[in-house]
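Each remark here refers to the structure printed beneath this line.
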Amino acid sequence: MRSFRLSPYLFIAPFFVVFAAFGLYPLSYALQLSFMRWRGAGEAHWVGAGNYLYLLTSPDFWASLGNSAVMWLLIVPVQVVAGLGGAVLLANARLRLRALFRVAFIAPFVTPLVAMAQVWIVVFDQDHGLVNHLLGLAGLPGVEWLTSTAWAKPTLALLFLWKTTGFAIIILLAGLQAVPGGVYEAAALDGASRWRQFWSITVPLVRRSTAFLVVVQTLAVFQMFAEPFVVTEGGPYGSTTTAGLYLYKHITASDLGTGAANSFLLVLLVFGLSLVSVRLLRAKDGT
């Protein structure tokens, strides 16, 4: 009979201790808190599913989800297309200054978001912004980019796209570089055009990378907080109050129980959307 060795368990024990202290315990405490009414001080009162029922019947909660859904439609499809186009461009070995382009695409992603948001406020200012100035030079009227319900979401979506499309290009470029070059050579010998190779080889073979990108960006969009908080503060008239910003408002109001319930509802929603996205993108793979 083999003797029991304690040393391997001692080596991996620090990870489990840290995970339990900073991961498992806060998660279980937040779950417990979601069934209570607590303002951060005093005694917590058990309300059962009251916090969840309040949110599910709150027009503001559904409005924040609707705002996030619109942002998803404005961002994720555009980012998948732009990311794939950029990845194909950067995968071309004959492209001059390819290293420079790669740095240029990823630079916005590593730039502090708050600094970029401040630039966005200045550039899209209704009265003194650069964009409206250029429109005026072209003889076109200025646009209320950040102060109208029609344009505030697209303006924030453009900020998000400019910030994170470089990340999308990297993800899809990694998937593209895993495609064997012999596949394209065989297709070219069979007379397939570049466009045909793109649709019949590139798109299907990067579907898994695309699924990963969609899941990650779905999480990012529904957790979006800094962009509306800094640029529009959720306005005008709540049109840019995303699900992440709505959750933050519960925390700042010391409504910690409702905030915890909101976070778990958001997790379930994003998990469901991510699962549907992966299923749809992998449908043709037979997996």
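The values are calculated or read from the model by the stated rules, or taken from the named source; none is laboratory data. No experiment lies behind these values; they were computed from the predicted model shown. Here Cβ is always computed from backbone atoms with ideal geometry, including for glycine, and neighbour counts include all displayed protein chains. Calculation scope for accessible area: heavy atoms of the full protein, side chains included, ligands and nucleic acids excluded. Shrake-Rupley method; radii C 1.70, N 1.55, O 1.52, S 1.80 Å.
Relative contact order for the chain: 28 percent, from Cα pairs under 8 Å spaced at least 6 residues apart, divided by residue count. Model label points for Trp199 and Ser58, set 7 angstrom from Cα along the Cα-to-Cβ axis, are 4.7 nm apart. Whole-Hz Karplus values for the range 98-114 come out as 4, 5, 5, 5, 4, 5, 5, 5, 8, 4, x, 5, 9, 7, x, 5, 4 Hz, taken residue by residue from phi with 6.51 cos²θ - 1.76 cosθ + 1.60 and θ = phi - 60°; glycine and proline positions read x. The mean sequence separation of alpha-carbon pairs under 8 Å and at least six residues apart, normalised by the residue count of the range 100-181, gives a relative contact order of 32 percent. Accessible-area rank, largest first, for Trp120, Trp38, Trp195: Trp195, Trp38, Trp120, with all protein chains present and a 1.4 angstrom probe.
Charging the Cβ of each Asp and Glu at -1 and of each Lys and Arg at +1, and nothing else, the dipole of the chain about its Cα centre rounds to 1180 debye.
Modelled spin labels at Leu135 and Ala41, positioned 7 Å past Cα toward Cβ, are 4.7 nm from each other. The mean sequence separation of alpha-carbon pairs under 8 Å and at least six residues apart, normalised by the residue count of the range 1-155, gives a relative contact order of 10 percent.
Loop sites only, by DSSP: take the trypsin sites (Lys or Arg not before Pro) in the chain that have at most 14 other C-beta atoms within 10 Å and name the longest stretch containing none of them. It runs 97-281. Heavy-atom accessible area for Met116, with the other protein chains in place and a 1.4 Å probe, reaches approximately 10 Å². With all protein chains in place and a 1.4 Å probe, the accessible surface of the range 154-215 carries 67 percent carbon and sulfur.
The 3J(HN,Hα) values that the Karplus relation (6.51, -1.76, 1.60; θ = phi - 60°) gives for the range 59-71 are, in residue order, x, 5, 5, 5, 5, 5, 5, x, 4, 5, 5, 5, 4 Hz. Gly and Pro appear as x. The amide H of Met36, built 1.01 Å from its N in the peptide plane, has Val47 as neighbours under 5 Å, considering only residues 5 or more places off or on other chains. Label sites at Phe19 and Arg96, each approximated as a point 7 angstrom past Cα along Cα to Cβ, lie 5.2 nm apart. The smallest convex shape that holds all Cα atoms of the chain, its convex hull, gives 247 Å³ per residue.
Where only DSSP H runs of four or more residues are counted, the chain gives -21500 deg cm²/dmol as its mean residue ellipticity at 222 nm, each run worth -39500 (n - 2.57). Karplus-derived 3J(HN,Hα) values for the range 201-217, using 6.51 cos²θ - 1.76 cosθ + 1.60 with θ = phi - 60°, are 10, 5, 4, x, 7, 9, 5, 5, 5, 5, 4, 4, 4, 4, 5, 5, 6 Hz; glycine and proline are entered as x. If I take R0 = 22 Å and measure r between the Cβ atoms of Tyr184 and Leu89 in this structure, what FRET efficiency does the formula 1/(1 + (r/R0)^6) give, to the nearest 0.05? About 0.90, to the nearest 0.05.
Would you mind getting the accessible area per residue of the chain, heavy atoms of the protein chains only, 1.4 Å probe, in Å²? List each step's numbers first, then the result.
On the way: 17110 Å² over 287 residues.
Value returned for the chain: 60 Å² of accessible area per residue.
Taking Trp62, Trp46 and ordering them by how much accessible surface each has at a 1.4 Å probe, largest first, produces Trp46, Trp62.
Rounded to the nearest 10 square angstrom, Val131 shows an accessible area of 40 square angstrom against a 1.4 Å probe.
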